[in-house]
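The values are calculated or read from the model by the stated rules, or taken from the named source; none is laboratory data. Note that the structure is predicted; figures quoted are calculated from it, not measured. Glycine also receives a Cβ, built like all others from the backbone with ideal geometry; neighbour counts cover every protein chain displayed. To get the accessible areas, we keep the full protein, side chains included, count just its heavy atoms, and leave off ligands, DNA and RNA. Shrake-Rupley method; radii C 1.70, N 1.55, O 1.52, S 1.80 Å.
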Amino acid sequence: MESDELVVAVAQHAPVPGDVAENARRAAALVAEAADADLLLFPLLSLTGYDLHRLAEPSAWTIPDDPRLDVVREASRAHGVTTVVGAAWAGPDGRVLASVALSPDGGVEVVGKHHLSRAERELFEPAGPAHPVDVRGWRVALAVCFDAAAPEHALEMARRGADVYAVSALYTEGQERRLDVHPAARALDHRMYALVANLAGAGPGWRSCGGSGVWHPDGRRVAAAGAGAQVVTARLERAELDRLRAADAAAGYRG
């Protein structure tokens, strides 16, 4: 059943490099802190940090039924929060750079990145389009980093009925404008809410620009993080989606 509101939390998170178990424990603690939220979104590779050299270690990869994620599964169940973590995922269909949604009912949905960088292509396989994840009747499309820069990705998610476009990302210093334009454009073009969870801190050759946040379907930013590790929240209203979509339809822009 669709809810009138959806409370979302976006974690600007600085992972412990390469330590999946510790990052899962920290994610579970943030789930407890964001217990009023329906959805908690973490950044790109939130379970390892963005250092592709560390993926030479088998322990840096997450697998189906990985026991290290049990603490996140339990926290999600206990608090009724759908938690999306970023993982190097090794599944039966191959290795993908993934957003992994852990639902309160125990469900797991893995959405991989399609638009891989040159270095990522040596480790991961490009993923195809996925259906949005259901969160209290809201259809949440998961996007992984550069997928949000490709307009066709959001277009396909809109065609699949997305209400929310949730991006797990790494935007670095000097990319502040890209970080604002990408989600604003996707939200405005398709009358979706947009979320971006950006990595915090720094890694080999990069430093985060911060700026995680939430964008309204009219393109306005409605919540913003600063530079460090933090969580920002927002309340999404279905009436706003309905109002804007109805106005577009009346003008002949939708459908």
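Laid out as a table, the results:
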item: Selection within region 42-87 - in contact with a Gly (Cβ under 6 Å, 6 or more places away or on another chain) and among the β-branched types (Val, Ile, Thr); result: 48
item: Where residue 75 falls short, out of the listed (1) in a helix (DSSP H, G or I); (2) among the small types (Gly, Ala, Ser); (3) at positive phi; result: (3)
item: Odd one out for residue 141, checked against (1) open to solvent by 30 Å² or more (accessible area, probe 1.4 Å); (2) modelled with pLDDT of 95 or more; (3) not in a helix (DSSP H, G or I); result: (1)
item: Residue within region 77-93 that is surrounded by 24 or more Cβ atoms within 10 Å (Cβ to Cβ), aliphatic (A, V, I, L, M) and more than 30 Å from residue 205 (Cα to Cα) present; result: yes
item: Complete set of residues in region 21-36 that are open to solvent by 30 Å² or more (accessible area, probe 1.4 Å) and under 17 Å from residue 196 (Cβ atoms); result: 30
item: Selection within region 105-121 - over 14 Å from residue 41 (Cα atoms) and free of Cβ contacts under 8 Å to residues at least 60 places away in the same chain; result: 105, 106, 107, 108, 112, 113, 114, 115, 116, 117, 118, 121
item: Residue in region 34-57 that is farthest from residue 75 (Cα to Cα), counting only those that are out of contact with any strand residue (DSSP E or B) (no Cβ under 7 Å at 6 or more places or on another chain) and touching a residue at least 24 places away in the same chain (Cβ under 8 Å); result: 53
item: Checking residue 18 against (1) farther than 23 Å from residue 122 by Cβ; (2) surrounded by fewer than 19 Cβ atoms within 10 Å (Cβ to Cβ), the condition it does not meet; result: (1)
item: Only one of 127, 169 that is modelled with pLDDT of 95 or more, closer than 28 Å to residue 225 by Cα and of a type in the set (Gly, Ala, Ser); result: 169
item: Strands (runs of 3 or more DSSP E) wholly inside region 150-255 that include at least 3 residues being open to solvent by 30 Å² or more (accessible area, probe 1.4 Å) and closer than 30 Å to residue 32 by Cβ; result: 221-224, 230-237
